[in-house]
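Just so you know, all these numbers are worked out from the coordinates, no wet-lab data involved. Everything numeric in this text was worked out from a predicted model, so none of it was measured. Virtual Cβ from ideal backbone geometry, glycine too; neighbours counted across all protein chains shown.
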Amino acid sequence: MRIDVISLFPEFVDACAGFGVVGRARERGLLSMHGWNPRDYAEGNYRRVDDRPFGGGPGMVMLVDPLRAAIAAAREADPQPAHVVYLSPQGRLLDQARVRELAALPRMILLCGRYEGVDERLITAEVDEELSIGDYVLSGGELPAAVLVDAVARLREGVLNDAESATQDSFEADAAIEGGVLLDCPHYTRPPRHALGDVPEVLLGGNHAEIARWRRMQALGRTLERRPDLVDETRLSPADRKLLAGYRAGPAGKPGA
Ligand code: 4HQ
């Protein structure tokens, strides 16, 4: 997958996506990233990329033309059609279902705004989709772009090793579950007994079917407790309902018990 980043600080996104799983994906040639700075496409001695908002008010707005030229240069650098995403709090909230769809694309252009954002006409003309990573205000779209790159890259074929993808696959997509994801179950490692508590017996026993059941029970229970918005309980399978009932009957099903 090819990702082009339009930003006044393209190295910022590049650095954020340079380590760990995503860095390795790039080393393996499974993901390439290219930065484009609208400043390089700005006119005049001052190379202006922003100006004051019509109608008054604080802050600055990014100019149409430098952004449009940077996007055009990015498009022309590769013949594959690019899906253009503008990262902003006005966008649809990103979730794992959308991440999965974006991960199937051959290329994306990520537009990162600074200041008060970009001129609306640029969005209308060039942007296919506006996405938000959450309901809070950041000072630029670079961190949201890095978040999107990370979430998408790890779903590309060959990026995760077998050991890494096991966690990914443990909770199957399900119509009852928003975006097809559950919260994770609790994890434990050595030592099995500790002053802060003991590892749940079931995990020490080596009965893999029972361990899988326990983990799903924990995942379902914790999701319903912490993020009831993610699961429509009425649409759960009979098996999942039973697990959820077991979790709620606790404390035997709870961690540390
Ligand atoms: N910003 N999710 C304002 C965000 C943001 C978010 C990016 C700050 C765009 C102009 N982007 N700029 N939250 O807060 O995506």
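Before moving on, here are some points about what is shown:
- The number of residues in region 123-146 that are assigned to a loop (DSSP other than H, G, I, E, B), touching a residue at least 40 places away in the same chain (Cβ under 8 Å) and more than 6 Å from the ligand (Cβ to nearest atom) comes to 3.
- For region 134-153, the set of residues classified as touching a strand residue (DSSP E or B) at 6+ places or on another chain (Cβ under 6 Å) and among the acidic types (Asp, Glu) consists of Glu142 only.
- Residue match in region 44-52 (condition: in contact with a Cys (Cβ under 9 Å, 6 or more places away or on another chain) and among the hydroxyl-bearing types (Ser, Thr, Tyr)): no
- Candidates are the residues of region 101-111 that are away from the ligand (no atom under 13 Å from the Cβ) and not charged (D, E, K, R); the one that is surrounded by the most Cβ atoms within 10 Å (Cβ to Cβ) is Ile109.
- One residue from Arg98, Arg114 being over 20 Å from Met1 (Cα atoms) and within 15 Å of the ligand (Cβ to nearest atom): Arg114
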